[in-house]
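One structure is given below, encoded as structure tokens.
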Amino acid sequence: MNYTKMGMNEKEYTEYVESKAEKSSLLKNCIIAFIIGGLICVIGQVITDIAMSYGLEKKLASSVSTISLIFIGALLTTLKLYQVLGKFAGAGSIVPITGFSNSIVSPAIEYKSEGFVLGIGANMFKVAGPVLVYGVCASVVYGLIYYMSKIFF
Amino acid sequence: MKIGKHTIVFENTPVILSTGSAVGPKEKEGPLSPYFDTTIDDVYFGEKTFEKAESKFMAEAIDLAIKKADMNKNKIDYMFAGDLLNQCISSGYTARNLSIPFFGLYGACSTFAEANILAASFVNAGYSYNSVASASSHFCASERQFRLPLEQGTQMTPNSQWTVTGSGATLIVKADENNIKDYPHISMATPGKVIDLGIKDIANMGAAMMPAAFDTIVTHLEDTKRTPDYYDLIVTGDLGKLGSKLLIDQLKNYGYDISKQHMDCGVKIFDTETQDVGVGGSGCGCSASVFCGYIYPLLKKKQINKVLFIATGALMSPVSLGQGESIPGVAHAFVIENLEV
């Protein structure tokens, strides 16, 4: 039953609401996301360089950097600081690996009240789970294409 | 008695003898802070979980309402209450400690009006002498049920709303010669239809619920043959700034100008400019606490005498949204008046 005395159908009403609703500022959000996301990457690069200056190979040094960033993301989440950053930075703090860490630690904190197994264990990957599933799937597809290309070219 | 299409007239004028309100820290920082009976700084309210805290807010509001009326708890016949959490646990667990027969209700954010209409109906019919009606919500508990974990770092979209942490309760009793002169009574009710105009954006609930509010208000005014001028205040539950604007505009198009009398609890409870709450508050606790803490005292002091109160609710769940459904809205209205002298 979608008839109302307002005399609008669903399409008209949706358009009407959109014309009146306040929009997010796309340009501003993009710029902030670019700067904060970039800064997080710079921090990662600094950690990599420091690790390399201690004589680690590049591959090992970037692992050190990844692990450190995950730790920083988790720590800031538990201190309730990552949500403050996220509110300001938007995609800038969601896309880097610190955001991935945040998306696993935050449900873990939230569901602690339902116990370790059915609470934390069952819900920890509620947000990051889809990323893992499709990330793994995508890497399998990529691997196959890469393998084929090696055979034919 | 029923008049018009959907409006009930309570000829025995059930009286609201008292109210109680209890809210959390964000509401304490808001402009209505001095009006609430209890304001708590701790979102946990001394409990271990948010859900237990929400129950405690409701228990506190009911307790206050009963104490203010100086009534023995055993004299209360029925409790009509609801909240936003799955299986209405906040209300159910509150009722566990009260030993009052309990009707658990779900009408999303319209629950407070639903509870009052049903309690008033029971009292009007003589099935009950004294009943309590209550509703509650908790920001942290509903965020985790409906959206993302609190610690998740995400941005708020401009038209989203902030769930109120708090509760309100009314004590509705049979009218007699004494109380009817001094206390406001519930004179009418217009229960609302579920209306869905295809809004799917969970971050714009005001727009999803507005058509339901529009329909209920128009039905009420047509049934009673009244104009908006009859009322000192026309209060909506939680349409927020955007939803309120749409409602006023559309009613004006239809021929009713409510811009002078209109107030939205969600806009009133927070300072939308400084408190970072999007377009305003929402949740059952929003209309409940604002009615009990702010509007009822105005009626009781006779600063205002006729109020049309419309609580609006969005009847979706994360499951229905996941399945691609749009957000249906519902709005229930009731009229609170002082006896004319």
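The values are calculated or read from the model by the stated rules, or taken from the named source; none is laboratory data. Worth saying up front: this structure is predicted, and the values here are computed from it rather than measured. Quick reminder, even Gly has a Cβ in these numbers, built from the backbone with ideal geometry, and neighbours come from all protein chains shown.
Scanning segment B:135-143 finds no residues that are out of contact with any Phe, Trp or Tyr (no Cβ under 8 Å at 6 or more places or on another chain), under 24 Å from B:ILE40 (Cα atoms), within 14 Å of another protein chain (Cβ to nearest Cβ) and surrounded by fewer than 17 Cβ atoms within 10 Å (Cβ to Cβ). Check whether at least one residue in segment A:51-69 is within 30 Å of B:ASP276 (Cα to Cα), of a type outside the set (Phe, Trp, Tyr) and touching a residue at least 24 places away in the same chain (Cβ under 8 Å), and report yes or no. The answer is yes; a qualifying residue exists.
Between B:ILE100, B:ILE117, B:ILE40, B:ILE89, the distinction of being within 25 Å of B:GLY329 (Cα to Cα), free of Cβ contacts under 8 Å to residues at least 60 places away in the same chain and of a type in the set (A, V, I, L, M) belongs to B:ILE89 only. Hey, any hits in segment B:144-158 for a residue that's within 14 Å of chain A (Cβ to nearest Cβ) and in contact with a Cys (Cβ under 8 Å, 6 or more places away or on another chain)? Scanning segment B:144-158, I find at least one residue that is within 14 Å of chain A (Cβ to nearest Cβ) and in contact with a Cys (Cβ under 8 Å, 6 or more places away or on another chain), so the answer is yes.
The set of residues from segment B:162-218 being more than 22 Å from B:SER134 (Cα to Cα), among the basic types (Lys, Arg) and touching a Ser or Thr at 6+ places or on another chain (Cβ under 9 Å) comprises just one member, B:LYS200.
The set of residues in segment B:200-223 that are assigned to a helix (DSSP H, G or I), crowded, with 18+ Cβ neighbours inside 10 Å and over 16 Å from the mean Cα position of the chain (by Cα) comprises B:ALA207, B:ALA208, B:PRO211, B:PHE214, B:ASP215, B:VAL218, B:THR219, B:HIS220, B:LEU221, B:ASP223. Take the conditions of a type in the set (Gly, Ala, Ser), surrounded by fewer than 17 Cβ atoms within 10 Å (Cβ to Cβ) and over 26 Å from B:PRO149 (Cα atoms) and apply them to A:SER65. Does it pass? No, not satisfied. Considering segment A:8-28, the residues that are part of a helix (DSSP H, G or I), within 7 Å of chain B (Cβ to nearest Cβ) and not hydroxyl-bearing (Ser, Thr, Tyr) include one that is nearest to B:ASN204 (Cα to Cα), namely A:VAL17. The numbered conditions (1) at the interface with chain B (Cβ under 10 Å from one of its Cβ atoms); (2) assigned to a helix (DSSP H, G or I); (3) not acidic (Asp, Glu) are all true for A:LYS80 except (2).
Checked against (1) among the hydrophobic types (A, V, I, L, M, F, W, C); (2) closer than 19 Å to B:MET205 by Cα; (3) surrounded by 24 or more Cβ atoms within 10 Å (Cβ to Cβ), B:MET263 meets all criteria but (3). Annotation: of all residues in segment B:5-44 being closer than 30 Å to B:SER128 by Cβ and within 14 Å of chain A (Cβ to nearest Cβ), the one that is surrounded by the most Cβ atoms within 10 Å (Cβ to Cβ) is B:HIS6.
Whether a residue is surrounded by 14 or more Cβ atoms within 10 Å (Cβ to Cβ), modelled with pLDDT of 90 or more, more than 13 Å from chain B (Cβ to nearest Cβ) and within 29 Å of A:ASP49 (Cβ to Cβ) was assessed, and A:ILE70 passes this test. Looking for something within 8 Å of chain B (Cβ to nearest Cβ) and more than 30 Å from B:ILE217 (Cα to Cα) - is there at least one such residue anywhere in segment A:44-64? So far as segment A:44-64 goes, no, none of its residues is within 8 Å of chain B (Cβ to nearest Cβ) and more than 30 Å from B:ILE217 (Cα to Cα). Out of all the residues in segment B:79-88, is one or more in contact with a Pro (Cβ under 8 Å, 6 or more places away or on another chain), crowded, with 20+ Cβ neighbours inside 10 Å and over 28 Å from B:ALA208 (Cβ atoms)? Yes: one or more hits. Taken over segment A:94-153, residues that are within 12 Å of chain B (Cβ to nearest Cβ), assigned to a helix (DSSP H, G or I) and surrounded by 16 or more Cβ atoms within 10 Å (Cβ to Cβ) amount to 18.
For (1) farther than 22 Å from A:LYS5 by Cβ; (2) free of Cβ contacts under 8 Å to residues at least 60 places away in the same chain; (3) within 11 Å of chain A (Cβ to nearest Cβ), each residue gets a yes or a no:
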position: B:THR224; (1), (2), (3): no, no, no
position: B:ASP232; (1), (2), (3): yes, no, no
position: B:LYS241; (1), (2), (3): yes, yes, yes
position: B:LEU247; (1), (2), (3): no, yes, yes
position: B:ILE258; (1), (2), (3): no, yes, no
position: B:MET263; (1), (2), (3): yes, yes, no
position: B:GLU273; (1), (2), (3): yes, yes, no
position: B:ASP276; (1), (2), (3): yes, no, yes
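In segment B:171-191, is there at least one residue being touching a Gly at 6+ places or on another chain (Cβ under 8 Å) and facing another protein chain (nearest Cβ under 7 Å)? No, there is no match, as no residue in segment B:171-191 is touching a Gly at 6+ places or on another chain (Cβ under 8 Å) and facing another protein chain (nearest Cβ under 7 Å).
Number of residues in segment B:279-294 that are assigned to a helix (DSSP H, G or I) and surrounded by 24 or more Cβ atoms within 10 Å (Cβ to Cβ) equals 10.
Screening the candidates A:GLY90, A:GLY99, A:GLY38 for the property of being within 19 Å of the chain's Cα centre (by Cα), closer than 30 Å to B:LEU197 by Cβ and not hydroxyl-bearing (Ser, Thr, Tyr) yields one hit, A:GLY90.
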